[in-house]
Amino acid sequence: MKALLLSQYRHLEVADLAVPEPARDEVLIRVAACGICGSDVHGYDGSSGRRIPPIVMGHEAAGTIAAVGKDVKKFSEGDRVTFDSTIYCGSCANCLRGDVNLCDHRQVVGVSCADYRRAGAFAEFVAVPARILYRLPEILPFEEAAMLEAVSVALHAVSLVPVHPKDKALVVGAGMIGLLILQALHAAGCLQVYISDVDPTRLNLAQELGAAATLTAGPDLISQVMAVTGGAGMDLVIEAVGIDATVKAAIDSVRKGGDVVLVGNVSPEVTLPLQKVVTRQIRLQGSCASAGEYLRAMELMSSESIRVKPLITAIAPLEEGPRWFERLYAREPNLMKVVLTPGKIS
Ligand SMILES: NC(=O)c1ccc[n+]([C@@H]2O[C@H](COP(=O)([O-])OP(=O)(O)OC[C@H]3O[C@@H](n4cnc5c(N)ncnc54)[C@H](O)[C@@H]3O)[C@@H](O)[C@H]2O)c1
Ligand SMILES: [Zn+2]
Ligand SMILES: [Zn+2]
């Protein structure tokens, strides 16, 4: 089969690899679409240590079942499916509690690190355990279904805090995740959602997607926040950049007793304005991946309550993968989601 192989750091090649053999509890999927995730781009040069070559990356995928393992009962050949990027064990204390995103034996499809190696979906075929599969509604095209993982991340972040219809919320960062969180807040009934970014093109997109107003990130952000909240601050802030300045801005923007959800994680460490958090009694809530939000994500995408099409920059054949990775790695402006179509039957 054709696969996009990271044979060494910063070097992707279209290679001819053996079709994976599904284990008893696995299915073999003919991959129709697989999105390039920010974490793939970070792994590409070795900086994250999570894509040790040789590895086929790719975990935001959708396709059709081509074969099923002996023990798989609930799915059969021909089913249109997607899968959770997290392979959870289903039996550790966290899994039993329903926090499958926090599984003690968590593996991620298309990741290779010191502990494990899992071939991903930038290939004509990928094998994954049946327990992480979801059947796709007919109405969802594969290319959009490749966005389900990111939509689930946004829904999960919103699910972790109380959201009231009258709340004013701020999303810090109008990137892929921020723009999905904006829509997830709308879907949760919170309609006054503001969003900030440094990039005006991202803010234009946010405006199209229904932001109450867009705020320019920078030294002036807090005065803009205070202007639209009558000096009180936001009820809820969701941070989706993950650097020192934006975490601080998130904490500065929230009202006394409000919630700040931390989704962005570019920097491993940031400075915490401790006294502000303590004396204003602000709740800080981390959010990791998703835990069962796929079904809701499919519903919201099918009804177009969450729109992903405006976030897809390009849909390209697998052969164009190396070039798209370089462009994303170079942080070319105005690129958002790039979806590769490895096993597309034309
Ligand atoms: N917690 C999770 O489960 C999870 C899942 C996916 C991604 N993430 C993290 O979420 C973050 C966003 O991911 P993404 O895919 O949307 O990335 P992205 O690159 O698409 O978006 C980042 C956005 O931040 C903006 N930005 C940069 N500096 C800024 C500043 N000083 N103020 C305001 N905005 C600024 C950029 O212009 C861009 O629009 C990353 O840190 C990523 O690692 C977390
Ligand atoms: Zn991802
Ligand atoms: Zn587990």
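The values are calculated or read from the model by the stated rules, or taken from the named source; none is laboratory data. Keep in mind that what you see is a predicted model, and the values were worked out from it rather than measured. Note: ideal-geometry Cβ built from the backbone for every residue, glycine included; neighbour counts use all protein chains shown. Each accessible area value is taken on the protein alone, full model and side chains, heavy atoms only, with ligands, DNA and RNA left out. Shrake-Rupley method; radii C 1.70, N 1.55, O 1.52, S 1.80 Å.
Of note:
- Flag if Val126 is more than 23 Å from Ser305 (Cα to Cα), within 16 Å of ligand 3 (Cβ to nearest atom) and crowded, with 24+ Cβ neighbours inside 10 Å: no
- Those residues of the range 299-328 which are part of a helix (DSSP H, G or I) and touching a strand residue (DSSP E or B) at 6+ places or on another chain (Cβ under 7 Å), in sequence order: Leu311, Leu318, Glu319, Gly321, Pro322, Trp324, Phe325, Leu328
- Matching residues, the range 215-230, being within 24 Å of the chain's Cα centre (by Cα) and open to solvent by less than 40 Å² (accessible area, probe 1.4 Å): Leu215, Ala217
- Selected residue (criterion: farthest from ligand 3 (Cβ to nearest atom)) from residues of the range 82-106 that are touching a strand residue (DSSP E or B) at 6+ places or on another chain (Cβ under 9 Å) and open to solvent by 50 Å² or more (accessible area, probe 1.4 Å): Arg106
- Scanning the range 107-122 for residues that are within 15 Å of ligand 2 (Cβ to nearest atom) and surrounded by fewer than 16 Cβ atoms within 10 Å (Cβ to Cβ) yields nothing.
- Residue count for the range 174-183, restricted to those that are within 16 Å of ligand 2 (Cβ to nearest atom) and either open to solvent by less than 40 Å² (accessible area, probe 1.4 Å) or at pLDDT below 95 (or both): 6
- Residue within the range 164-172 that is open to solvent by less than 30 Å² (accessible area, probe 1.4 Å), of a type in the set (A, V, I, L, M, F, W, C) and out of contact with any helix residue (DSSP H, G or I) (no Cβ under 6 Å at 6 or more places or on another chain) present: no
- Residue check for Ala127: within 16 Å of ligand 1 (Cβ to nearest atom) and within 25 Å of Val339 (Cβ to Cβ): no
- Close pairs (9 angstrom Cβ cut-off, 6 or more residues apart or separate chains): within 18 Å of Gly242 (Cα to Cα) and charged (D, E, K, R) in the range 194-218, assigned to a helix (DSSP H, G or I) and open to solvent by less than 20 Å² (accessible area, probe 1.4 Å) anywhere: Asp197/Gly178; Asp197/Leu203; Asp197/Ala206; Arg202/Gly178; Arg202/Leu179
- Every residue from the range 131-174 that is assigned to a loop (DSSP other than H, G, I, E, B) and more than 30 Å from Ser253 (Cβ to Cβ): Leu136, Pro137, Glu138, Ile139, Leu140, Pro141, Ala146
- Of the residues examined, Ser39 is one that is within 21 Å of Ala145 (Cβ to Cβ), away from ligand 3 (no atom under 16 Å from the Cβ) and at pLDDT below 95.
- The range 287-304, subset touching a residue at least 12 places away in the same chain (Cβ under 8 Å) and open to solvent by 60 Å² or more (accessible area, probe 1.4 Å), residue nearest to ligand 1 (Cβ to nearest atom): Arg296
- Being more than 16 Å from ligand 2 (Cβ to nearest atom) and either β-branched (Val, Ile, Thr) or within 20 Å of Gly286 (Cα to Cα) (or both) is a property that Gly78 lacks.
- Exclusive hit being away from ligand 1 (no atom under 11 Å from the Cβ), farther than 26 Å from Asp71 by Cα and aliphatic (A, V, I, L, M), set Leu136, Leu148, Leu179: Leu148
- When Asp115 is tested against (1) without any contact (Cβ under 8 Å) to a residue 12 or more places away in the chain; (2) over 24 Å from the mean Cα position of the chain (by Cα); (3) within 16 Å of ligand 3 (Cβ to nearest atom), only condition (2) is not met.
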